[in-house]
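Comments concern the structure below.
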Amino acid sequence: MDHTTLEIFCVVAAELSVTRAAKRLGRVQSNVTTRIQQLEEELGVALFRRDGNRLTLSAEGERFLGYANRMLALADEARQVLTPQSPSGTLRIGTMESTAAARLPGPLAALHVQYPDVRLRISTAPSRQLIEQVERGLIDCAFAALPPCGEMASAADLEAAGLHGEPVFREEILLVLPPGHGAVRKGEDIAVRSLAAFAQGCSYRLLAEEWLGQGASALDVQEVGSYHSMLACVAAGGCVSLVPRSVLELLREPPTLRTHVVAKVDTWLIHRNGYRTAAFNALRETLTPFMSKQQTLKGKSS
């Protein structure tokens, strides 16, 4: 089981096609097939289920994929640590959808211009899943909002889990209501008892459920996949939603919806304790102006 074989396995697992994987890797199909078969023989399990030309990961393959990704990441981290003066290699960044859209394009573009040898891999997910992925070593760092209550709700909770975090961006979170809805001061003022939100694990969803739970009637949650879908549901009059102001400001023609400020929530940069590659340090350096602004905001609010 060598580094190259693990890379081939991970690409085949991502593509679920030997043909596409071979093209992506720049190898002939027979070589890719042989390497996968040799890996399965070495491990003593079938990593893929084969149904004609269709591939799917087996249960053993799903488990092994997590280890393979972590081994490749650890090898890349080791190479980077040995050349701290030259940021290079791959940096796997997880982020919330809102942060990816409204906050990261500028800093990541600046990072790419200054350090073109750093390969950025960006993925999006709700905050809870992002933190779990950092814990498991599936990504190197994440931009996530800590939940208003429960596990991982503070810097101390992160440290207890072997993670470190620091606030980077501050978001003003708006309750967005259908046109013509009356004024709102608390949860029981909401006439529409349906919430458009991301799947479980989203800290903004948890905040919304907690805030809207002050109302008397039950809350129905409609899970959607994007902020555009949320706003469409609200504009149609059937839902309310929680949306960062920065996301609304991206729209060329924001819909005429009523809004109410619910909270100000920090977006944290979270990574494993001790993780300090040159590529990550370069990212953090690019974000320093935003972190300094956060410290100024904290000083004013204290």
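With respect to the conditions (1) surrounded by 22 or more Cβ atoms within 10 Å (Cβ to Cβ); (2) in a strand (DSSP E or B), V134 falls short on a single one, namely (2). Restricting attention to the range 210-248, which residues are surrounded by fewer than 16 Cβ atoms within 10 Å (Cβ to Cβ), within 21 Å of the chain's Cα centre (by Cα) and not in a helix (DSSP H, G or I)? Listed by number, the residues that qualify are Q222, E223, G225, S226. Taking (1) in the same structural domain as T95 (by TED's automatic domain parsing); (2) touching a Lys or Arg at 6+ places or on another chain (Cβ under 9 Å) in turn, A183 satisfies each apart from (1).
Inside the range 77-88, can you point out the residues that are in contact (Cβ under 8 Å) with a residue 24 or more places away in the chain and not small (G, A, S)? Passing the criteria: E77, Q80, V81, T83, P84, Q85, P87. In the condition set (1) over 20 Å from the mean Cα position of the chain (by Cα); (2) within 30 Å of L47 (Cα to Cα), Y115 is compliant with all but (2). Within the range 26-52, being over 15 Å from C10 (Cα atoms) and either in contact with a Lys or Arg (Cβ under 6 Å, 6 or more places away or on another chain) or of a type in the set (D, E) (or both) holds for E41, E42, D51.
Across the range 249-302, the qualifying residues are those that are acidic (D, E) and part of a loop (DSSP other than H, G, I, E, B), and the one among them that is modelled with the lowest pLDDT is E253.
Of all residue pairs spaced 6 or more apart or on separate chains, those with beta-carbon atoms under 7 Å, a first member in the range 190-214 that is closer than 20 Å to L146 by Cβ and modelled with pLDDT of 90 or more and a second member that is among the small types (G, A, S) and surrounded by fewer than 22 Cβ atoms within 10 Å (Cβ to Cβ) are L207/A263.
The values are calculated or read from the model by the stated rules, or taken from the named source; none is laboratory data. Since we're looking at a predicted model, the values are computed, not measured. So basically every Cβ, Gly included, is an ideal-geometry build from the backbone, and we count neighbours across all protein chains shown.
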